[in-house]
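The values are calculated or read from the model by the stated rules, or taken from the named source; none is laboratory data. Just so you know, these numbers come straight off a predicted model, no measurement behind them. Reconstructed Cβ throughout: ideal geometry from the backbone, glycine too, with neighbour counts over all protein chains shown. Ligands, DNA and RNA are excluded from the accessible area calculation, which covers all protein heavy atoms including side chains. Shrake-Rupley method; radii C 1.70, N 1.55, O 1.52, S 1.80 Å.
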Amino acid sequence: MKHFLIAGNWKMNTTVDVAAVLAIDIVHGLSEHPMPPEVEIALFPPFTNIPIVAPLCRAAQLGLGAQNCSHEPYGAFTGEISVEMVEAIGCQYVLIGHSERRQIYRENNEWILSKIKLAVASKVTPILCIGETLDHRQTNRTWITLQDQLDVIFTVLKPEQARRVVVAYEPVWAIGTGVSATPEEAQEAHSFIRKHLDYRGVTQVGNDRTRILYGGSVNAENAEALLAQPDIDGALVGGASLKAEAFLGVCTAAARISNL
Ligand code: PEP
């Protein structure tokens, strides 16, 4: 049986008041549509809004995550937030290597590996985001891109560390565009990722299998068909997580699938 994770990435949206209202609306909606134990929901507000959202998540048994962390553990890195800080404020998850960070902030493989290493050494679960650009896909470089992004991490981590990593497959061309991968395209990529992790010695059997989330224009309408794919274990939701109703639609789609 799958253990779904539905993660709402609010990106650089919501001021503190707006964040509180959004979290309350989501918590309220979930109280009317209780999730089965196989469906975990987690919110990823901007750093400044984590303190207001954290107690709401705790009370409603939702997960909480940060959208990024520093590649260094502490020190003279003005403007950065460490994994230790993320853990201390109550986060169970941290996104690492989101395509917006890779592209806009030029995060390189070395930094992404450092962040993952720091996270697996803490209690925070890293969600490693990978995905090909439109150019990669159109020039038949999707698989080599995914393989390279995985190898940066999984050829280095020890098996017990690798087991702690969640992977999010997010084709860059699908993020924030309204054009999701089709369920078949997403399944093909997830199956490739799982086989490659297996090849790298990360067990993909039963409850030990890596959770691989799909991200890229997921919404209440397309979620069910995506989540029904055998290798899709959840969703990383951007735009649709900013509206309680749309996000709840994704959550209830996961609940329906888990009851099948
Ligand atoms: C994301 O931010 O990771 C994302 C997938 O965004 P969107 O759902 O808006 O495409």
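Under a GNM of the chain (C-alpha, springs under 10 Å), which listed residue has the highest mean-square fluctuation: Y93, Y214, Y74? Maximum among the listed residues: Y74. The string of couplings for segment 187-201 from the Karplus curve (6.51, -1.76, 1.60, θ = phi - 60°) is 4, 4, 5, 5, 5, 4, 4, 5, 5, 5, 5, 4, 4, 7, x Hz, one whole number per residue in order, with x for Gly and Pro. What does the charge add up to near T145, with Lys and Arg as +1, Asp and Glu as -1, over the other residues with Cβ less than 13 Å from its Cβ? The answer is -2.
Taking amide H positions as modeled 1.01 Å from N, with prolines and chain starts lacking one, the residues under 5 Å from L5 and 5 or more places away or on another chain are E40, G234, A235. The lysine pair tally for the chain, using Cα distances under 30 Å and a gap of 8 or more places or different chains, is 21.
The HN-Hα couplings worked out from phi for segment 20-26 by the Karplus form 6.51 cos²θ - 1.76 cosθ + 1.60 (θ = phi - 60°) are 4, 5, 4, 5, 5, 4, 5 Hz, whole numbers, x standing for Gly and Pro. Considering only I212, I52, I175, the mean-square fluctuation computed in a Gaussian network model of the chain, springs between alpha carbons under 10 angstrom, is largest for I52.
Taken as Cα centroids, segment 160-194 and segment 210-243 sit 9 Å apart, rounded to the nearest whole angstrom. Each Lys and Arg adds +1 at its Cβ and each Asp and Glu adds -1 at its Cβ; summed about the Cα centre, segment 27-159 shows a dipole of about 100 debye. Take the chain, connect every pair of alpha-carbon atoms lying under 10 Å apart with a spring to form a Gaussian network, then pick out the residue of V152, V250, V27 with the largest mean-square fluctuation. Result for the chain, Cα springs under 10 Å: V152 fluctuates most. Please work out whether the chain counts as rounded, prolate or oblate from its C-alpha gyration tensor, where a ≥ b ≥ c are the square roots of the eigenvalues and a/c under 1.5 means rounded, while otherwise a/b larger than b/c means prolate and anything else oblate? Taking the square roots of the gyration eigenvalues as a ≥ b ≥ c, the chain is rounded.
Taking all protein chains as present, what is the carbon and sulfur share of the accessible area of segment 1-105, in % to the nearest whole number, probe 1.4 Å? The C+S portion of the solvent-accessible surface of segment 1-105 is 60 percent.
Excluding ligands, DNA and RNA, the accessible surface per residue across the chain is 46 Å² with a 1.4 Å probe. On the protein heavy atoms, probe 1.4 angstrom, tell me the percent of accessible surface of segment 109-260 carried by carbon and sulfur. Heavy-atom surface of segment 109-260 belonging to carbon and sulfur, 1.4 Å probe: 51 percent. Can you list the GluC sites (Glu not before Pro) in segment 144-195 that are in a DSSP coil and have 14 or fewer other beta carbons within 10 angstrom? Filter output for segment 144-195: empty list.
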